[in-house]
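These notes concern the structure reproduced below.
The values are calculated or read from the model by the stated rules, or taken from the named source; none is laboratory data. Everything quoted here is computed from the prediction, not taken from an experiment. FYI the Cβ positions are ideal-geometry reconstructions off the backbone, even for glycines, and counts take in every protein chain you see.
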Amino acid sequence: MSKIKEAFARGKAFIPFITCGDPNLETTAAVVRAAVKNGADLVELGIPFSDPTAEGVVIQAANLRALQAGVTTEKIFDMVKDLRRDVKIPLVFMTYANVVFSYGAEKFLSNCAALGIDGLILPDVPFEEKEEFFSTCKKFGVDLISMIAPTSEDRIAMIAREAEGFVYIVSSLGVTGVRSEIKTDLKSIVASVRANTKIPCAIGFGISTPAQARQMAKISDGVIVGSAIIKILAAHGAAAPPFVGEYVREMKNALTED
């Protein structure tokens, strides 16, 4: 069993997304630890990029704040090294192809493996173009996590069959961001995924309330939340960790309610 699968072995998984370096890396590390303490099963760490095409305005602003504060990929690796002294749950990076290319894919994934990064999500790399990263990920034992969107349609089965770690199901068309209502026929997407792989699936994009989390957990193996957490960070800055911890606890509890 891979470490990512273990995150789903204890029931429905809650997966927070955090932009590294917003407002600084010390706060990011404290937020990760607060999230873990309050029930996070896996954490997505966003490596900032100047043109994050999958992100809405909330996470775009977080990327900009982090970059303006001087965060770099190297500094993020140093933070992960420190986190791994006590954070034992799976950690995955979410970033963009240019970030990995500019750092050097071999060096990037070698560092991921050495520091205990379990997976990599690249939202701007289509399934059909994943091979240039897949072989290097395989070499270093880092799962390249696939995303399935409502527009994937005939490609869902194909993507699911080759998936690693977990399948990231995008709840809605468009970019990340809080949504008042999720109308996508996710049940049929999840059914197609489960017909083609035993790897767990988690739903992300647009989820922000306990009620939405509960609804999504009923049809999937886990829930991913980003923008709602970034909003807490934007509101509280360096004082955000206890507020994020409280939010994570509330959302995790919602996943276990009938």
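Is it the case that segment 98-114 has a residue that's in a strand (DSSP E or B) and either acidic (Asp, Glu) or modelled with pLDDT of 95 or more (or both)?
The answer is no, given that none of the residues of segment 98-114 is in a strand (DSSP E or B) and either acidic (Asp, Glu) or modelled with pLDDT of 95 or more (or both).
Condition test on Ala254, is it surrounded by fewer than 18 Cβ atoms within 10 Å (Cβ to Cβ), out of contact with any Gly (no Cβ under 6 Å at 6 or more places or on another chain) and not in a loop (DSSP other than H, G, I, E, B)?
In short, no.
Specify the residue that is farthest from Lys37 (Cα to Cα); the eligible residues are those in segment 217-258 that are of a type in the set (Lys, Arg) and touching a residue at least 40 places away in the same chain (Cβ under 8 Å).
Filtering first and then ranking leaves Lys231.
Picking from Ser2, Ser50, which residue would you name as being surrounded by fewer than 17 Cβ atoms within 10 Å (Cβ to Cβ), under 13 Å from Thr95 (Cα atoms) and either acidic (Asp, Glu) or at pLDDT below 95 (or both)? Even if it seems obvious, please write down each step before you answer.
Values: Ser2 fails: under 13 Å from Thr95 (Cα atoms).
Going through Ser2, Ser50 in turn, the sole match is Ser50.
Hand me the list of helices (runs of 4 or more DSSP H) wholly inside segment 131-243 holding 1 or more residues that are under 14 Å from the mean Cα position of the chain (by Cα), at pLDDT 95 or above and buried (at least 22 other Cβ atoms within 10 Å of the Cβ).
Because the criterion is at least 1 residues that are under 14 Å from the mean Cα position of the chain (by Cα), at pLDDT 95 or above and buried (at least 22 other Cβ atoms within 10 Å of the Cβ), the helices (runs of 4 or more DSSP H) in segment 131-243 that meet it are 227-236.
Could you tell me which of the residues Gly21, Gly70 is crowded, with 21+ Cβ neighbours inside 10 Å, at pLDDT 95 or above and on the phi > 0 side of the Ramachandran plot?
On the way: Gly70 fails: crowded, with 21+ Cβ neighbours inside 10 Å.
Among Gly21, Gly70, only Gly21 is crowded, with 21+ Cβ neighbours inside 10 Å, at pLDDT 95 or above and on the phi > 0 side of the Ramachandran plot.
Any residue at all in segment 104-112 that's free of Cβ contacts under 8 Å to residues at least 60 places away in the same chain, at positive phi and either surrounded by fewer than 16 Cβ atoms within 10 Å (Cβ to Cβ) or under 17 Å from the mean Cα position of the chain (by Cα) (or both)? Before you say what the answer is, go through the steps one by one.
If we filter segment 104-112 for residues that are free of Cβ contacts under 8 Å to residues at least 60 places away in the same chain, which is where we start, we get 104-112.
Now narrow it down to the ones that are at positive phi: 104.
Now restrict to residues that are either surrounded by fewer than 16 Cβ atoms within 10 Å (Cβ to Cβ) or under 17 Å from the mean Cα position of the chain (by Cα) (or both): 104.
Yes, segment 104-112 has at least one match.
Pairs, please: C-beta under 8 Å, at least 6 apart or cross-chain, first residue touching a residue at least 12 places away in the same chain (Cβ under 8 Å) and in segment 61-82, second of a type in the set (Val, Ile, Thr) and assigned to a loop (DSSP other than H, G, I, E, B)?
Thr73/Ile47; Ile76/Ile47; Val80/Ile117
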